[in-house]
Amino acid sequence: MINLESPKKFAPLIGQAKQVAREVLRPNSRKYDQAEHEYPKELDMLAALIDGLNDSGSGGAGATGVRASKDTGEGNRNGTNLSTALSIMETCWGDVGLTLTMPRQGLGNSAIASVADDEQLKRFEGKWAAMAITEPSVGSDSANIRTTARYDEATDEYVLNGTKIYVTSGERADLVVVWASLDLSKGRAAIKSFVVERSNPGMELIRLEHKLGIRASDTAQFELVDCRVPANNLLGTPDIDAKKSFAGAMQTFDNTRPLVSAMAVGVAQAALDFTREQLAEAGVVVDYDRPAALQTGAAQTFLELESDVEAARLLTMQAAWMADNRKPNSLHASYSKAKAGRTGTDVALRCVALCGSIGLSEADLLEKWSRDAKILDIFEGTQQIQLLIIARQLLKKSSAELK
């Protein structure tokens, strides 16, 4: 049974993440928000620290920690999925964009950790991986991906053709995990993921996006033209199994959605902490021993926002804990993503309203957090798609039956 407290053994990791957020990420947050597309060199030191933690066996300090744990037959297990989520909450309290652009901590690294075999894990170890799913005509419905992957038996390679947009860390990464179809006529069952070297001449960088938020993180568009990838760079099995659909590729989301939920919890907590200070300075008292209805309107709103953030935090912890304990967590990953994504945006914007003109000023970071939060309700599956996934599972409907 899950315990609703953060495990004591993770206290040092959480403390280190909080220290990094306070002393490195926060002080550089505005700098790289204004200097969009400039690489934050300060992060190289942090990446080396995370690598050291993983090498020492501490684990759970980054995206590679979300690999499914081995079934030891023991009871409750607080593993690397949970510790990674808890540490990400802290770093995103510091800055979401800088967290996303941490070397070797891309969503592609989580994808590789989730489904790669042991040989691939070793081969791609130490490299920074982005993830390319979205296409110009395909947003949240990953099953309709048009990028193709044709197997060339003569060279034992796959040949990829298509366009990918909104690739987080696409310019800076060493690898890009590209989702493509082995046979468009077979639908979602033929969707597979391939690890492509960023230097591959068949994958051309078209442009970098200028964005509302997370400006410290680069977002790229790629064109794949006869892009040749070794066959052993395919993640999972090359078999097209209609019964299993594209579960192998989708398994990635069961691990990465709780991480995005953790990001939303982190930025929402940052907005709450700042707003609490501003309310206190304005003489607004938030009394936890009195009913909300008997307090000021500002205090009532603050208590409501706090409860929403706590609910999102607990759902995120549950989804990550389930992954650590080898329990099917697809539904709960969507629960956490739907709740945290909406909560992050709602809390940040309502905190701006509570703080008035202070919330709009670049003298403080609250306005930036309100911009950064929006993407967390969009990528890794939009709010609407999460609700659709939840409805399908609760009603036991297929994607064809409930669109």
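So here's what we get for this one:
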read-out: Three semi-axes of the equivalent ellipsoid, region 198-318, Cα gyration tensor, whole Å, largest first; value: 46, 21, 9
read-out: Extended-chain gain in nm, criterion 0.36 nm per residue less alpha-carbon gap, D226 and L4; value: 74.9 nm
read-out: Contour excess over end-to-end distance, with Cα ends at A143 and L394 and 0.36 nm allotted per residue; value: 88.3 nm
read-out: Extent along principal axes [Cα atoms of region 87-163; Å; largest to smallest]; value: 49, 34, 16
read-out: Calculated [θ] (222 nm, deg cm²/dmol) that DSSP helices of n ≥ 4 give over the chain, each run adding -39,500 (n - 2.57); value: -14500 deg cm²/dmol
read-out: For peptides 171-184, 82-95, 113-126, sequence by mean Cβ density within 10 Å, most packed first; value: 82-95, 171-184, 113-126
read-out: For region 223-347: accessible area per residue (Å², 1.4 Å); value: 41 Å²
read-out: Within the accessible area of the chain (1.4 Å probe), percent carbon and sulfur; value: 53 percent
read-out: Compactness of region 141-279 as Cα Rg over 2.2 N^0.38 Å, two decimals; value: 1.26
read-out: Stretchable slack from K18 to E362, in nm (0.36 nm times residue separation minus alpha-carbon distance); value: 121.5 nm
read-out: Quarter of Cα convex hull surface for region 248-313, i.e. mean projection, nm²; value: 5.1 nm²
read-out: Using a Förster distance of 51 Å, the FRET efficiency for D273-R326 (Cβ separation, nearest 0.05); value: 0.90
read-out: Listed residues R215, R26, R257, most fluctuating in the chain (Gaussian network, C-alpha, under 10 Å); value: R26
read-out: Separation in nanometres of the label points that stand 7 Å from Cα toward Cβ, at L294 and K403; value: 5.5 nm
read-out: Kirkwood Rh, Cα atoms: Rg over Rh of region 268-352; value: 1.09
read-out: More than 42 Å apart - percent of Cα-Cα pairs taken over the chain; value: 11 percent
read-out: Whole-percent pair-distance distribution, where bins are 5 Å wide, for the alpha carbons of region 245-403; value: 2, 10, 17, 18, 16, 12, 10, 7, 5, 2, 1, 0
read-out: Label-point gap, in nm, between E304 and T382 - each point 7 angstrom along Cα→Cβ; value: 2.6 nm
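The values are calculated or read from the model by the stated rules, or taken from the named source; none is laboratory data. This is a predicted model, so every value here is computed, not measured. Please note: Cβ atoms are built from the backbone with ideal geometry, for glycine as well, and neighbour counts cover all protein chains shown. Just the protein is used for accessible areas: all its heavy atoms, side chains included, with ligands, DNA and RNA removed. Shrake-Rupley method; radii C 1.70, N 1.55, O 1.52, S 1.80 Å.
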